[in-house]
Amino acid sequence: SMAECLTKLAIVQGKEPSTALAPRVGVIMGSDSDLPVMKAACKVLEDFGVPFEVSIVSAHRTPAKMVEYAETAESRGLQAIIAGAGGAAHLPGMVAASTILPVIGVPVKGSTLDGVDSLHSIVQMPRGVPVATVAINNAMNAGLLAVRILGSSDASLRGKLQEFADQQREEVYAKDEHLRK
Ligand code: RP5
């Protein structure tokens, strides 16, 4: 279940889940079948200490809840929304239509069309209603993009983003060293 998954995530990282604090990012997905992909976004937010909330909200199965979620997101204090969906992936676009908050879409591969259907459904938004679309199944990048959006007005997050980039670079340098030994 979602709760178990989040608890496990917290145990792995040896902390209380930051869902206890006022969430700054909303992570939503069309189905619990999206969770194995979407938990990578949650892990990034945990790692950067960004409080977030997770919900299952479906454009097709729970349309009223989707509109309510999007319409109340800003007043509830959310600063960005990460929305994952597969197949006829209308959730990110419809949420973007119902809020002025930045929406990051994650095309989930889970269908017979290998995720290209999800990608096209999410990326092909009409002028005026943007969704920042990451690669198929790349929920980690959705988390990082949300941290970058919050970081534009949060120097502490920018510091952590720089640390992350430095560490990532050093890891690749080390692998390269290792290769030529
Ligand atoms: C979408 O349909 C969901 O986001 C999911 O990726 C896909 C399949 O959902 P389930 O039928 O597995 O619940 O709405």
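Laboratory data are not the source of any read-out in this text; all were calculated from the coordinates shown. A quick note: this is a predicted structure, and the numbers were derived from the prediction, not measured. A quick note on method: Cβ atoms are made from the backbone with ideal geometry, for glycine too, and the neighbour counts reach across all protein chains shown.
Taking only Cα atoms of region 115-181, what ratio of Rg to Rh do you get with Rh as the Kirkwood inverse-distance radius?
My calculation puts Rg/Rh at 1.14.
Would you mind computing Rg(Cα) / (2.2 N^0.38 Å) for region 2-154, counting N as its residues?
Against the compact-globule rule of thumb, the ratio is 0.95.
With each pseudo-label sitting 7 Å past Cα toward Cβ, what's the Ala22-Glu171 distance in nm, one decimal?
Result: 3.3 nm between the two label points.
Among rounded, prolate and oblate, which fits region 33-103 when a ≥ b ≥ c are the square roots of the eigenvalues of its C-alpha gyration tensor, a/c under 1.5 means rounded, and a/b larger than b/c means prolate?
oblate
Give, in nm to one decimal, the length gained when the segment between Ala88 and Arg148 is fully stretched (0.36 nm per residue of separation minus the Cα-Cα distance).
Net length gain for the segment: 18.8 nm.
Amide H of Ile82 versus every other amide H placed in the peptide plane: which residues, excluding those fewer than 5 positions away on the same chain, fall under 5 Å?
When sequence neighbours closer than 5 places are left aside, the close amide H contacts are Gly26, Val27, Ile28, Ile104.
Could you give the dipole magnitude of region 2-154 about its Cα centre, charging the beta-carbon of Lys and Arg +1 and that of Asp and Glu -1, in debye to the nearest 20?
So the magnitude is around 120 debye.
Got a sec? Charge dipole of region 2-154, +1 on Cβ for Lys and Arg, -1 for Asp and Glu; which of Val25, Asn138, Met66 is way out at the positive end?
With unit charges placed on the Cβ atoms, the residue in question is Asn138.
Kindly flag which residue pairs out of Lys39/Lys175; Lys160/Lys181; Lys39/Lys181; Lys65/Lys160 have an alpha-carbon separation exceeding 30 Å in this structure.
In this structure, Lys160/Lys181; Lys39/Lys181; Lys65/Lys160 lie more than 30 Å apart at Cα.
With each label point set 7 Å from Cα along the Cα-Cβ vector, what nm distance links Arg61 and Gln124?
2.5
Rounded to whole Å, give me the distance from the Cα center of region 22-44 to that of region 50-72.
So the separation of the two Cα centres works out to 11 Å.
List, in order, the whole-Hz ³J(HN,Hα) value for each residue of region 66-74 obtained from phi through the Karplus relation with A = 6.51, B = -1.76, C = 1.60 and θ = phi - 60°; use x for Gly and Pro.
Whole-Hz 3J(HN,Hα) from phi for region 66-74: 4, 5, 4, 4, 5, 5, 9, 4, 5.
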